[in-house]
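As structure tokens, the structure follows; a few thoughts come after it.
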Amino acid sequence: MILIDGKKTADEIKKEIAEAVKLIVSTGKRPPHLAAVLIGHDGGSETYVAFKIKDCEEVGFRSTLIRFEDDVTEPELIAKVHELNNDDDLDGFIVQLPLPKHISEQKVIEAIDARKDVDGFHPENVGRLVLGLPAFLSATPFGIVELLKRYQIPTSGKNCVIVGRSNIVGRPLSILMSQKAVNATVTVAHSQTKNLKQVCAEADILIAALGSPEFIKADMVKEGAVVIDVGTTRVNAPDTKSGWRLKGDVKFDEVAPKCSYITPVPGGVGPMTRVSLLQNTLLAASRNI
Ligand code: GUN
């Protein structure tokens, strides 16, 4: 069994990005610039956005954090999105989700200029992905495909089962995995799938992205399978300083011995998701600067 080290791979990619930034700056241009819009004080969102800002610093990007309180109105937020769309000093930006209930996520996402949508959530980018055109790819699917590529894991003709059909992970990942560059035969399983255990047990590549801690057990995994765990649920852990720890969707201890490759949580897909946002921002900058 080979443990896929997402942290190490993401660090390698960060070094490559930092080199690209040095080259841009050496020609007298400004460094790539990412902005993050954060609404409210949700612990998870605060942590994710802080990581995104720190990642920017590490590779030499400029970053800007824009904060609103929970009671911001939808028109106020959309006005800020329009302002960022028109800011020539900015290559890309994200609006951290989830949003407060009184704001439509879809309306906000659709207000973002697709050329600055480094999350890859805008319908134009999703549509371009489906058509195989150049697009900003949603960060987690992008990171997973990059991990498989960098570990030289064979994918062509393989049976890939994705558990979960979210707009951010499962659905775009199913498109990427079936594209010619990857060539997997893809099944998207979900809460209504019959014989889920059997479907999973037939996977050469099993990707768990349903957000249910330790859902995938050893009897759902084929001997020699590649298992990619996208789950990052915070569970109570009184023995830790923070009071919580991250749990994946895979029961790691019993599944790992059956795998040819497996990602841990933390340190697997998570760091790759973060670095994908940097890759998208670099791409946005190369189009804009
Ligand atoms: N919330 C959870 N993941 C993400 C992400 O990748 N982008 C944004 N904008 N919000 C999120």
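Observations, loosely collected:
- On Cα atoms only, tilt of 74-85 relative to the major axis of the chain in degrees: 80 degrees
- Helix 269-288 axis versus longest C-alpha principal axis of the chain: approximately 40°, rounded to the nearest ten.
- Residue-by-residue Karplus 3J(HN,Hα) for the stretch 43-50, coefficients 6.51, -1.76, 1.60, Hz, glycine and proline x: x, x, 5, 4, 5, 4, 5, 4
- Helical runs (DSSP H, four residues minimum) scored at -39500 (n - 2.57) apiece and divided by the length of the chain put the mean residue ellipticity at 222 nm at -12500 deg cm²/dmol.
- Cα-Cα over 26 Å, subset of Lys7/Lys251; Lys52/Lys180; Lys8/Lys197; Lys158/Lys251: Lys52/Lys180; Lys8/Lys197
- Note on Lys29: lysines with a C-alpha under 21 Å away, same-chain residues under 8 apart excluded, are Lys14, Lys15, Lys116.
- Spacing of the two label points (7 Å from each Cα toward its C-beta) at Arg234 and Thr73, in nm: 3.1 nm
- Distance between the modelled labels on Ser156 and Glu58, one decimal in nanometres: 3.3 nm (7 Å Cα→Cβ projection).
- Dipole magnitude (debye, nearest 20) for the chain, charges at Cβ of Lys, Arg, Asp, Glu: 760 debye
- Each residue of the stretch 193-208 was assigned a 3J(HN,Hα) from its phi angle through the Karplus curve 6.51 cos²θ - 1.76 cosθ + 1.60 (θ = phi - 60°); the sequence is 5, 7, 6, 4, 4, 5, 4, 5, 5, 9, 7, 7, 10, 10, 10, 9 Hz, with glycine and proline shown as x.
- Amide proton proximity set for Ile4, modelled H, under 5 Å, gap of 5+: Ile262, Thr263
- Cut-off under 5 Å, modelled amide H: who pairs with Ile207 long-range: Val161, Ile162, Val163, Ile228
- A simple rule links phi to the HN-Hα coupling: the Karplus curve 6.51 cos²θ - 1.76 cosθ + 1.60 with θ = phi - 60°, which for the stretch 54-70 gives 5, 4, 4, 4, 4, 9, x, 6, 7, 9, 9, 9, 10, 10, 10, 7, 4 Hz, with x for Gly and Pro.
- The separation of the stretch 1-51 from the stretch 210-289, counted between C-alpha centres, amounts to 18 Å.
- For the stretch 129-199, size of Cβ-based charge dipole, Lys and Arg +1, Asp and Glu -1, in debye: 160 debye
- Proximal charge balance of Met220 [Cβ under 15 Å; K/R count +1, D/E count -1]: -3
- Positive-end extreme of charge dipole, the stretch 219-289 - chosen from Ala284, Asn236, Ala256 (charges on Cβ): Ala284
We did not get these values from a lab; they are worked out from the coordinates using the rules stated. All values derive from a computational prediction rather than experimental measurement. Neighbour counts are summed over all protein chains in view; Cβ atoms, including those assigned to glycine, are modelled from backbone coordinates with ideal geometry.
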